[in-house]
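Peer 1: The structure that follows is given in the form of C-alpha cells.
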Ligand code: HGY
Ligand code: MN
Ligand code: MN
C-alpha cells in the first residue's frame, strides 16, 4: 500500500489559489476575514465551496444544522465513508486559514484523486461544519457538537447572538437549512487539517504536527451587578462598581491559570459593559472566562476557584454575581490508528514532524466521540491566530495537505 501512496501529490498552487479566492469573501479590515457564521458572507462562501465541490464531481448533502457534506463515490458505495474537513466560518477579526485550510485541503484531495484517476474503496466526504468559532452563537463547535450528540438541536436553534437573533432563524434566512437528520451519517474515520494557532511547530522547525490529544475547554459566563451612578458626583465609598469587580475577578483568573503552569491558560475575550457610557459607573458587566488545560482535574479546579473567589470579591464589594456554564468539552485523546496514519504519512513524505496537543478546540474534538478521528497541523507565523495578521507559508499548506491526503487515502484504501 505504501508504494502506491508514495507518488500521491496534491497541487499546492491550486490549493493556495482556492484559499486566496475564498479569502475575498467576507474580508476583514486588516487583510484577514470577517465571515461569521450564518451571515450573508458565510452564505456566499458556502455557495462558492459548493460550486467547487460539484465541479469536482461530488454530490452534496446538508443536514438540519447546515453542515455541508460533499461525497466522492467509492468502489464500494456501501462502505462507510472517510470524512475530511473543518469550518469556513471565521472570527470577526479572523485569519484566512483558520478552518478554511482544512476544508479546502479536503477539496484538494478530491481534485487530486480525480487528476490521478484513483478510486478508493471507501467513499470520501468533504465537510464544512457550521459555527465552529462560537463567536456569534456560543458555544464553539456548535454544529459538530449537535452531530456528536453533545447538544440538542432545539437548544442550538435557540442560541442567540448579541442582537437577539436566533441560530435556527438565521440558518433558515441564509438558505442553508438542510433536510438530513443531523448525526445520522456514520463515518469510517474523520481527519482534519488545521493551522496550529500556537508557536510550537514554527519554534521547533517542524512542518507537521501529529495531534495526539486536544486540551479541554471551559467557558463560564459571569454577570456582575452593581449600580449605575455618576462618575463625577458619586463619592468613592458609595460606589457599586461592577466594572471594578470584573477587573479584580479577571486578575484572579490570570492568577488561577498561572497556578497551574505550564499548560493551563485562562482569560476573558468576551466583555460587555453596561451602560458603557463615559460618565456612568458600570452597573452591570457580563463576561466569559475561557479556561483550558490538557488535564480535566485542572479545568475543574479552575472553574471551582473562579466561582469561590469571584463570589468573595463580589461580597466584599457589595455586588451581586452569577455564573453560567456556556460551553466546554473534556480533553480528548485521538484515535491511535488514525494518528498512526498521520505520522506514517509524514515519515513517508520525509516531512519533519512531532506529536502535539491541540491548544485550540476543533470540530475533530467532538467528532472523535462518534468516529475514529485524528488531526494534522501545520505551523503558522509567530503562532498567531484569531488575528487578521494570521499567516502561513504556501509550503506549510501544501505539506499539511499532502500528509492529510496520504492519511485519508490510506484509510479509504486505493483499489485502482
Ligand atoms: O475556541 C477555539 O478553540 C476554536 O478556535 N473555536
Ligand atoms: Mn478553527
Ligand atoms: Mn478559530
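The values are calculated or read from the model by the stated rules, or taken from the named source; none is laboratory data. Everything quoted here is computed from the prediction, not taken from an experiment. Cβ sites come from the backbone with ideal geometry, for glycine too, and all protein chains shown count toward neighbours.
Peer 1: Could you run through region 285-300 and say how many residues are over 24 Å from residue 212 (Cα atoms) and surrounded by fewer than 19 Cβ atoms within 10 Å (Cβ to Cβ)?
Peer 2: Selection size over region 285-300: 1.
Peer 1: Same structure, new question: Testing residue 365 on (1) out of contact with any helix residue (DSSP H, G or I) (no Cβ under 6 Å at 6 or more places or on another chain); (2) assigned to a strand (DSSP E or B); (3) modelled with pLDDT of 95 or more; (4) within 27 Å of residue 28 (Cβ to Cβ), one condition comes back false. Which one is that?
Peer 2: Every listed condition holds for residue 365 apart from (2).
Peer 1: So is residue 228 closer than 30 Å to residue 81 by Cβ, more than 16 Å from ligand 1 (Cβ to nearest atom) and over 17 Å from the mean Cα position of the chain (by Cα) or not?
Peer 2: no
Peer 1: Would you point out the residue of region 348-370, among those that are closer than 21 Å to residue 409 by Cβ and more than 15 Å from ligand 1 (Cβ to nearest atom), that is surrounded by the fewest Cβ atoms within 10 Å (Cβ to Cβ)?
Peer 2: Here the answer is 350.
Peer 1: I'd like the full set of residues that are touching a residue at least 12 places away in the same chain (Cβ under 8 Å) and under 14 Å from residue 312 (Cα atoms), limited to region 245-256.
Peer 2: Passing the criteria: 245, 246, 248, 249, 250, 252, 253.
Peer 1: Moving to a separate point now. Which of the residues spanning region 153-207 are within 23 Å of residue 59 (Cβ to Cβ), more than 16 Å from ligand 3 (Cβ to nearest atom), assigned to a strand (DSSP E or B) and in contact with a helix residue (DSSP H, G or I) (Cβ under 7 Å, 6 or more places away or on another chain)?
Peer 2: Selection gives 189, 190, 191.
Peer 1: On to the next question. Only one residue in 373, 340 is in contact (Cβ under 8 Å) with a residue 24 or more places away in the chain and within 27 Å of residue 203 (Cα to Cα), so which one is that?
Peer 2: Within the list 373, 340, the selection yields 373.
Peer 1: A further question on this structure: Residue check: is residue 105 surrounded by 24 or more Cβ atoms within 10 Å (Cβ to Cβ), within 13 Å of ligand 3 (Cβ to nearest atom) and modelled with pLDDT of 95 or more?
Peer 2: no
Peer 1: Among the residues of region 371-382 satisfying the criterion of being more than 18 Å from residue 23 (Cα to Cα) and out of contact with any helix residue (DSSP H, G or I) (no Cβ under 6 Å at 6 or more places or on another chain), which is surrounded by the most Cβ atoms within 10 Å (Cβ to Cβ)?
Peer 2: Selected residue: 377.
Peer 1: For residue 1, only one of the following conditions fails: (1) more than 25 Å from residue 196 (Cβ to Cβ); (2) at pLDDT 95 or above; (3) away from ligand 1 (no atom under 16 Å from the Cβ). What is its number?
Peer 2: If we test residue 1 against (1) more than 25 Å from residue 196 (Cβ to Cβ); (2) at pLDDT 95 or above; (3) away from ligand 1 (no atom under 16 Å from the Cβ), just (2) comes out false.
Peer 1: Follow-up question, since we're still on this one. Could you tell me whether any residue of region 288-297 is closer than 21 Å to residue 218 by Cβ, within 16 Å of ligand 2 (Cβ to nearest atom) and touching a strand residue (DSSP E or B) at 6+ places or on another chain (Cβ under 7 Å)?
Peer 2: Yes: region 288-297 contains one or more residues that are closer than 21 Å to residue 218 by Cβ, within 16 Å of ligand 2 (Cβ to nearest atom) and touching a strand residue (DSSP E or B) at 6+ places or on another chain (Cβ under 7 Å).
Peer 1: Restricting attention to region 381-397, does a residue exist that is away from ligand 3 (no atom under 15 Å from the Cβ), without any contact (Cβ under 8 Å) to a residue 60 or more places away in the chain and over 14 Å from the mean Cα position of the chain (by Cα)?
Peer 2: Yes: region 381-397 contains one or more residues that are away from ligand 3 (no atom under 15 Å from the Cβ), without any contact (Cβ under 8 Å) to a residue 60 or more places away in the chain and over 14 Å from the mean Cα position of the chain (by Cα).
Peer 1: State which residue is surrounded by the fewest Cβ atoms within 10 Å (Cβ to Cβ) when the search covers only region 140-149 and only residues that are more than 9 Å from ligand 1 (Cβ to nearest atom) and over 13 Å from residue 36 (Cβ atoms).
Peer 2: Ranking the candidates gives 149 first.
Peer 1: Continuing with this model, one more query. For region 286-333, enumerate the residues that are under 21 Å from residue 151 (Cβ atoms) and away from ligand 1 (no atom under 16 Å from the Cβ).
Peer 2: Within region 286-333, 296, 300, 303, 323, 324 meet the criteria.
Peer 1: If you don't mind, there's one more thing I want to ask. Determine whether region 135-145 contains at least one residue that is more than 16 Å from the chain's Cα centre (by Cα), part of a loop (DSSP other than H, G, I, E, B) and either over 13 Å from residue 86 (Cβ atoms) or without any contact (Cβ under 8 Å) to a residue 12 or more places away in the chain (or both).
Peer 2: No, there is no match, as no residue in region 135-145 is more than 16 Å from the chain's Cα centre (by Cα), part of a loop (DSSP other than H, G, I, E, B) and either over 13 Å from residue 86 (Cβ atoms) or without any contact (Cβ under 8 Å) to a residue 12 or more places away in the chain (or both).
Peer 1: Which members of region 339-362 meet the condition of being closer than 28 Å to residue 80 by Cα and in contact with a helix residue (DSSP H, G or I) (Cβ under 7 Å, 6 or more places away or on another chain)?
Peer 2: 341, 342, 345, 346, 348, 349 - these are the residues of region 339-362 that are closer than 28 Å to residue 80 by Cα and in contact with a helix residue (DSSP H, G or I) (Cβ under 7 Å, 6 or more places away or on another chain).
Peer 1: On the basis of being more than 12 Å from the chain's Cα centre (by Cα) and either closer than 19 Å to residue 375 by Cα or touching a residue at least 60 places away in the same chain (Cβ under 8 Å) (or both), does residue 100 make the cut?
Peer 2: No.
Peer 1: Of the conditions (1) surrounded by fewer than 18 Cβ atoms within 10 Å (Cβ to Cβ); (2) out of contact with any helix residue (DSSP H, G or I) (no Cβ under 6 Å at 6 or more places or on another chain); (3) at pLDDT 95 or above; (4) on the phi < 0 side of the Ramachandran plot, residue 326 fails just one. Which one is it?
Peer 2: Here residue 326 clears every test but (3).
Peer 1: Being more than 16 Å from ligand 3 (Cβ to nearest atom) and either more than 15 Å from residue 214 (Cα to Cα) or part of a loop (DSSP other than H, G, I, E, B) (or both) is the requirement here; does residue 374 meet it?
Peer 2: Judged against the criteria, residue 374 is not a match.
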